[in-house]
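This report refers to the structure that appears directly beneath it.
The values are calculated or read from the model by the stated rules, or taken from the named source; none is laboratory data. Computed from a prediction, not measured in an experiment: that's the story for all the values here. Don't worry about glycine lacking a Cβ; one is built from the backbone with ideal geometry, like all the others, and counts go over all protein chains shown.
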Amino acid sequence: MVRPCIRGCASAAHVTLPRALLLAAILLALCDAALAHGVTEGDKGYIQEISGIHLVPFVYLGAKHMVTGYDHLLFLAGVIFFLYSAKDIGLYVSLFALGHSTTMLLGVYFGIGINAYLIDAVIGLSVVYKALDNLGAFQRWFGVQPNTKAATLVFGLFHGFGLATKIQDYDVARDGLVPNLLAFNVGVEIGQLLALGAILILMGFWRRSGGFFRHAYAANVAMMSAGFVLVGMQITGFFVAS
Amino acid sequence: MYNSDMPTRAELPSSRQLLRSTAIAVVAAAGLLVTVVLPAEYAVDPIGVGRFLGLTTMGEVKGQLAREAEDDRRRDAQAPGRGSSVLPGLLKGLLIGEARAEPAAAQEASVTLAPGEGSEIKMAMKAGAKADYRWTASGSVNYDMHGTAPGGRESSYKRGREATGDVGILTAGYDGHHGWFWRNRGQEPVTVTVKVSGNFTDLKRMK
């Protein structure tokens with residue numbers, strides 16, 4: 001490295017050590033702004049601060065994840081859109097839960113690394129698929145009605161991988177991982193039930209009004225559009241984000 | 001509708017049933033807010049259930065992290081673009097060039113952390129400079145051995161949770177300040193002492 005000379009090269013060696021340290025101290029004090037430790041906030045920051053078993057906090061975080069996971073909730077709303085009996089709703093929601101629990105637990109425990117943007121794009125596609133299915137598009141276009149139970153389970157698997165990538169990003173401590181993950185999963189199901197309750201109440205009011213059957217078609221088209229927005233957003237993120 | 005049978009009106013939930021469900025939902029939400037959500041997000045715990053569940057601690061940690069991040073942002077806003085001017089870089093080059101000619105002798109620094117407190121000790125190093133280090137703590141601490149470039153960009157070399165010490169060689173990935181951040185998540189004050197020898201200047205506590 002070329003050492004800059006101020007008063008001739010020989011003079012550079014005359015900058016005495018105490019003065020050098022004083023100048024260094026002044027410069028470093030001036031640069032204090034750049035030296036602050038980058039603090040991670042929110043749930044991720046909290047998780048990075050703890051290790052060991054924390055069951056209730058992880059249940060809470062799982063529930064929060066599901067309740068604020070609008071892509072998961074959109075798919076769920078699509079699944080129950082034309083389901084009316086408690087038995088059917090219970091069955092389909094359980095299939096979805098089985099799917100996402102399996103891949104969430106396996107994905108985090110084995111550290112299966114999938115690009116978050118790509119898996120979230122697939123989740124967006126699941127919303128598009130469900131909306132088209134509700135519209136009867138597969139019967140009209142292809143003359144088939146794919147098994148709705150199987151589709152719910154399979155897409156559930158993809159939703160679970162999406163959950164797994166988010167949790168891996170949190171950097172959960174290895175110490176106490178399995179109990180914490182199971183607690184997180186319980187939380188996801190609790191969050192799912194809470195969200196489902198709210199969706200069903202709203203759907204209940206809507207279905208009683210004449211509007212539901214008039215607007216069901218348009219509503220599913222809007223859902224399909226939302227699904228495409230999710231896909232576009234995630235694909236863009238894949239290419240744009242570093 | 002298109003892929004299943006349409007129900008008759010009589011098969012749908014009655015209006016009374018729906019209104020009752022809505023009332024139950026509102027009451028349940030209020031209960032959850034008070035016992036779970038407000039403690040976990042904001043450390044607001046009116047009846048103490050949040051503390052019992054361990055969620056108020058989560059809210060307190062998140063609040064502390066948010067305050068520290070806000071302080072960092074404000075400090076960065078007050079001193080913008082420090083890395084852009086040529087003169088500090090010139091002077092730094094001159095001075096840290098001196099340090100390269102005379103590797104610092106073994107130095108020691110220590111800091112005492114109150115419960116919940118975090119602090120940093122760092123050194124100024126050139127890219128590729130190495131420093132042998134050993135730090136010990138009187139209790140468990142979370143740590144992050146990392147470097148900060150003049151523009152503010154950070155990268156972590158090594159991290160750990162609930163550790164009482166570490167030994168190794170820190171190799172600076174770039175010109176800047178490199179060292180440790182420790183956080184005491186215990187109930188008692190903890191003293192951390194680090195001994196370093198190698199190619200660096202100005203080992204000191206950052207805040």
Q: Could you give me the residue pairs with C-beta distances under 7 Å whose first residue belongs to the range A:144-157 and is touching a residue at least 40 places away in the same chain (Cβ under 8 Å), whose second residue is β-branched (Val, Ile, Thr) and part of a helix (DSSP H, G or I) wherever it lies, and which are 6+ apart or on separate chains?
A: A:152/A:79; A:157/A:102; A:157/A:103
Q.
I need a count of the residues in the range A:146-162 that are over 15 Å from residue A:83 (Cβ atoms) and within 12 Å of chain B (Cβ to nearest Cβ).
A. 1
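I'm checking my understanding of the structure. Among residues of the range A:172-185 that are exposed (fewer than 13 other Cβ atoms within 10 Å of the Cβ) and within 14 Å of another protein chain (Cβ to nearest Cβ), which one is nearest to the chain's Cα centre (by Cα)? It would help to see each step written out before you state the result.
Initially, the range A:172-185 is screened for residues exposed (fewer than 13 other Cβ atoms within 10 Å of the Cβ), giving A:174-175, A:178.
Cutting the leftovers down to within 14 Å of another protein chain (Cβ to nearest Cβ) gives us A:174-175.
Working: A:174: 21, A:175: 23 Å.
Here the answer is A:174.
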Q) Which residues, counting only those in the range A:83-113, are closer than 13 Å to residue A:149 by Cα, in contact (Cβ under 8 Å) with a residue 60 or more places away in the chain and either within 14 Å of chain B (Cβ to nearest Cβ) or hydrophobic (A, V, I, L, M, F, W, C) (or both)? A) A:89, A:92, A:93, A:95, A:96, A:97
Q: Please give the number of the condition residue B:202 fails out of (1) modelled with pLDDT under 90; (2) within 23 Å of residue B:69 (Cβ to Cβ); (3) more than 18 Å from the chain's Cα centre (by Cα).
A: (2)
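Considering only residues of the range A:186-235 that are of a type in the set (S, T, N, Q) and over 16 Å from the mean Cα position of the chain (by Cα), which is nearest to the other protein chains (Cβ to nearest Cβ)?
Taking the range A:186-235 first, the residues of a type in the set (S, T, N, Q) are A:192, A:209, A:220, A:225, A:234.
Still in the running and over 16 Å from the mean Cα position of the chain (by Cα): A:209, A:220, A:225.
Numbers: A:209: 10, A:220: 9, A:225: 18 Å.
The residue in question is A:220.
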Q: State whether the residues of the range A:205-224 include one that is in contact with a helix residue (DSSP H, G or I) (Cβ under 6 Å, 6 or more places away or on another chain) and among the small types (Gly, Ala, Ser).
A: no
Q) Going by the structure shown, is residue B:35 surrounded by fewer than 17 Cβ atoms within 10 Å (Cβ to Cβ), among the hydroxyl-bearing types (Ser, Thr, Tyr) and assigned to a helix (DSSP H, G or I)? A) no
Q: Report, by residue number, each residue of the range B:12-52 that is over 18 Å from residue A:195 (Cβ atoms) and among the polar types (S, T, N, Q).
A: B:14, B:15, B:17, B:35
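Keeping to the range B:123-144, report how many residues are outside any strand (DSSP E or B) and either within 30 Å of residue A:50 (Cβ to Cβ) or not basic (Lys, Arg) (or both).
Residues in the range B:123-144 being outside any strand (DSSP E or B) and either within 30 Å of residue A:50 (Cβ to Cβ) or not basic (Lys, Arg) (or both): 3 in total.
Name the one entry in A:169, A:175, A:88 that is charged (D, E, K, R) and not in a helix (DSSP H, G or I).
Details: A:169 fails: not in a helix (DSSP H, G or I); A:88 fails: not in a helix (DSSP H, G or I).
Only one candidate qualifies: A:175.
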Q) Hey, any hits in the range A:212-233 for a residue that's modelled with pLDDT under 95 and not in a helix (DSSP H, G or I)? A) no
Q: Quickly run through the range B:122-140 and pick out the residues that are buried (at least 22 other Cβ atoms within 10 Å of the Cβ), out of contact with any helix residue (DSSP H, G or I) (no Cβ under 9 Å at 6 or more places or on another chain) and within 11 Å of another protein chain (Cβ to nearest Cβ).
A: B:123
Q: Just give me the residues in the range B:1-32 being within 7 Å of chain A (Cβ to nearest Cβ), under 13 Å from residue A:201 (Cβ atoms) and not in a loop (DSSP other than H, G, I, E, B), in sequence order.
A: B:15, B:18, B:21, B:22, B:25
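Mind listing just one residue for me: the one in the range B:45-81 that is assigned to a loop (DSSP other than H, G, I, E, B) and aliphatic (A, V, I, L, M) and, of those, nearest to the other protein chains (Cβ to nearest Cβ)? Talk me through it step by step, then tell me what you get.
To start, the set of residues in the range B:45-81 that are assigned to a loop (DSSP other than H, G, I, E, B) comprises B:45-48, B:54, B:79-81.
When the remaining residues are screened for being aliphatic (A, V, I, L, M), the result is B:47, B:79.
Details: B:47: 16, B:79: 3 Å.
Filtering the range B:45-81 for residues that are assigned to a loop (DSSP other than H, G, I, E, B) and aliphatic (A, V, I, L, M), the one nearest to the other protein chains (Cβ to nearest Cβ) comes out as B:79.
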